[in-house]
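Take a look at the structure below.
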Amino acid sequence: MNSKKLMAGLLSISFVGMLSWYIGNHDTKTVVQAEKQNNVVTEEKTEKSKEITSKDIYGTSEIENSWVKDPTVPENLLIKGLTSVVQLKVLSIGEAEILPKKGKFYSQDPFTPIQVEVNDTISGNPMSGEKTIYINGGDIKISKLEKSLDKGTIQKMELDKLTSKQKETEYISYVSDHDFRMKTRKDYTVILVKQADDIYTVIGNGYGIFKASNSKRTNMFKNVLTGKESDLQF
């Protein structure tokens, strides 16, 4: 089946991680739109394209994000008392899923689970050991997505016209202009926010992911999208 472009609005406009709750409790008239980084090309994005071609993608949904503050500034991604800046190694990457509602955290968008080994906490709440973290978006199997949608949305997306086999083998890809696909066995430094018990998300997707910098200054990290450097000591 040819990939379909799902119209904006068929799926709920989402915000990233805890920022969704944060923005919802502030005057959205003061929202500053994030700077787009469409000119950034990374090895991980290339790998993502390869992975998508190996799946049967029914359609894509663009996740639109609004921000209270500029997310290209790392300090703006911090949420007092809930943030950890950690160095980790990616062990494995799972298939996108809809996370259960826990406390104040709930999103209709899928999150991709990533199994990691946390090696060090640079700042914020201490973390260590093997953890499952989540990043907003990814490719979700239609049979999984359908369980979280109401009947009207399912009809608008024409998912009710698919066979059971199609729902088990076809995917919807959730994407945004600040995506970054981490790779297994690679080291990263990420800004994590604790959404609820056992739910840690990468805040801002690519805006919250860094690699060690080649700068002459020690202990500096470069953002994977913007290229901006920071010591991430907050």
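The values are calculated or read from the model by the stated rules, or taken from the named source; none is laboratory data. Note that the structure is predicted; figures quoted are calculated from it, not measured. Ideal geometry is used to build each Cβ from the backbone, glycine not excepted, and the neighbour counts take in all protein chains shown. Heavy atoms of the whole protein, side chains included, go into the accessibility calculation; ligands, DNA and RNA do not. Shrake-Rupley method; radii C 1.70, N 1.55, O 1.52, S 1.80 Å.
For region 59-90, a residue qualifies if it is open to solvent by 10 Å² or more (accessible area, probe 1.4 Å), more than 23 Å from residue 222 (Cβ to Cβ) and either touching a residue at least 60 places away in the same chain (Cβ under 8 Å) or hydrophobic (A, V, I, L, M, F, W, C) (or both), and the qualifying residues are 60, 61, 62, 63, 64, 68, 82. Considering only residues of region 104-118 that are open to solvent by 10 Å² or more (accessible area, probe 1.4 Å) and farther than 30 Å from residue 154 by Cβ, which is farthest from the chain's Cα centre (by Cα)? Residue satisfying both the conditions and the ranking: 117. Residue 101 meets the conditions (1) of a type outside the set (Phe, Trp, Tyr); (2) over 15 Å from the mean Cα position of the chain (by Cα); (3) open to solvent by less than 30 Å² (accessible area, probe 1.4 Å) in every case but one. The failed one is (3). The residue that is nearest to the chain's Cα centre (by Cα), among those in region 176-220 that are in a loop (DSSP other than H, G, I, E, B) and small (Gly, Ala, Ser), is 204.
Restricting attention to region 50-78, the residues being outside any loop (DSSP other than H, G, I, E, B) and modelled with pLDDT under 90 number 4.
Inspect region 124-134 for any residue being under 27 Å from residue 58 (Cβ atoms), at pLDDT 95 or above, touching a helix residue (DSSP H, G or I) at 6+ places or on another chain (Cβ under 7 Å) and open to solvent by 10 Å² or more (accessible area, probe 1.4 Å) and give the result as yes or no. There is no residue in region 124-134 that is under 27 Å from residue 58 (Cβ atoms), at pLDDT 95 or above, touching a helix residue (DSSP H, G or I) at 6+ places or on another chain (Cβ under 7 Å) and open to solvent by 10 Å² or more (accessible area, probe 1.4 Å). Given 156, 211, which one is open to solvent by 20 Å² or more (accessible area, probe 1.4 Å), basic (Lys, Arg) and modelled with pLDDT of 95 or more? The conditions single out 211.
Among residues that are surrounded by 17 or more Cβ atoms within 10 Å (Cβ to Cβ), under 23 Å from residue 89 (Cβ atoms) and either touching a Cys at 6+ places or on another chain (Cβ under 8 Å) or of a type outside the set (Gly, Ala, Ser) (or both), residue 181 is included.
Within region 172-180, one or more residues are touching a Pro at 6+ places or on another chain (Cβ under 6 Å) and modelled with pLDDT of 95 or more. Condition check for residue 148 on (1) of a type outside the set (A, V, I, L, M, F, W, C); (2) farther than 21 Å from residue 226 by Cα; (3) modelled with pLDDT of 95 or more: one failure, at (3). Out of 153, 132, 189, 201, I need the residue that is polar (S, T, N, Q) and farther than 28 Å from residue 101 by Cβ. Which one? Among 153, 132, 189, 201, only 189 is polar (S, T, N, Q) and farther than 28 Å from residue 101 by Cβ.
Scanning region 184-208 for residues that are open to solvent by 10 Å² or more (accessible area, probe 1.4 Å) and of a type in the set (Gly, Ala, Ser) yields a single hit, 196.
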